[in-house]
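Each remark here refers to the structure printed beneath this line.
The values are calculated or read from the model by the stated rules, or taken from the named source; none is laboratory data. Quick caveat: nothing in here was measured; it's all calculated off a predicted structure. Glycine also receives a Cβ, built like all others from the backbone with ideal geometry; neighbour counts cover every protein chain displayed.
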Amino acid sequence: MELKDKVYIVTGGSSGLGKAMAIALIENGSKVVITGRNLEKLNRVGNEINATVFHADVASDKDIEALFDFVMTKFGTLDGLVNNAGIGDWAAIDEMDREKMKHVFEINVFGASMMASHAAKIFKKQNYGDIVNIASTASMKGFKMGSIYAASKFALRALSQCWQAELRPHNVRVIQINPSEVPTAFSAENREERPLEENKLRPQEIADVLIATLKMDRRGFIPEVSVFATNPF
């Protein structure tokens, strides 16, 4: 499928995986709207990569409404949503905290769901579209101290499967991408990018997978793909 002149929203698009995926889409001729909570960083990255920016927090229904109104007013259509915004928190079972868990689910599950809900309304009307959920290999297997984060990604995986069943009759593809560890600003308190490591994935690998899945002819789609580092130790 040709990506030139297609319109995509990439949440959490001002750093890490989101930035890399936005760049890859733009390099393929797409028009990209990136969102994020840090307006200064968002504007800086938007100017750097030639993306349209919209200051929005996926935890806010008001922001989500405004985002979709903006996109449809500016472009008149939407071809795809990349649900990339996400946060993490870790705790032992005997140190679980309700507020921490709610905070992670607010972004990783509820935010992604509300974004997808708005996109699905558009896609069902036009009878095409793509929803790409950036999950994690933690969506397939839990790990020590991972109760909060893994549970949110397991939930996102269930959502992906439900949306696939609902939206396939409307020519809408729902794709889940599961990265393993990628050094980014993810979960960093200062939100600064971590340095790349020779034996771990780069954001570029995830961007490559995104482009490959989207370029497939619309008669087919990849429901889920996982990306691991070849030699992570």
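Filtering segment 31-48 to residues that are over 18 Å from Leu81 (Cβ atoms), of a type in the set (S, T, N, Q) and either touching a strand residue (DSSP E or B) at 6+ places or on another chain (Cβ under 7 Å) or surrounded by 16 or more Cβ atoms within 10 Å (Cβ to Cβ) (or both) leaves only Asn43.
Elements of the type helices (runs of 4 or more DSSP H) sitting completely within segment 1-109 and holding at least 1 residues that are small (Gly, Ala, Ser): these cover 16-27, 39-49, 61-75.
Applying the criterion of being among the small types (Gly, Ala, Ser) and closer than 30 Å to Ser147 by Cα to the residues of segment 49-89, the residue that is surrounded by the fewest Cβ atoms within 10 Å (Cβ to Cβ) is Ser60.
Criterion first (buried (at least 21 other Cβ atoms within 10 Å of the Cβ) and either in contact with a Phe, Trp or Tyr (Cβ under 9 Å, 6 or more places away or on another chain) or within 21 Å of Arg37 (Cβ to Cβ) (or both)) does Ile107 satisfy it? No, not satisfied.
Thr184 meets the conditions (1) at pLDDT 95 or above; (2) crowded, with 21+ Cβ neighbours inside 10 Å in every case but one. The failed one is (1). Within segment 144-162, residues that are farther than 22 Å from Ile175 by Cβ have Cβ atoms under 8 Å from residues that are among the acidic types (Asp, Glu) and surrounded by fewer than 20 Cβ atoms within 10 Å (Cβ to Cβ) in these pairs: Ile148/Asp89, counting only partners at least 6 apart in sequence or on another chain.
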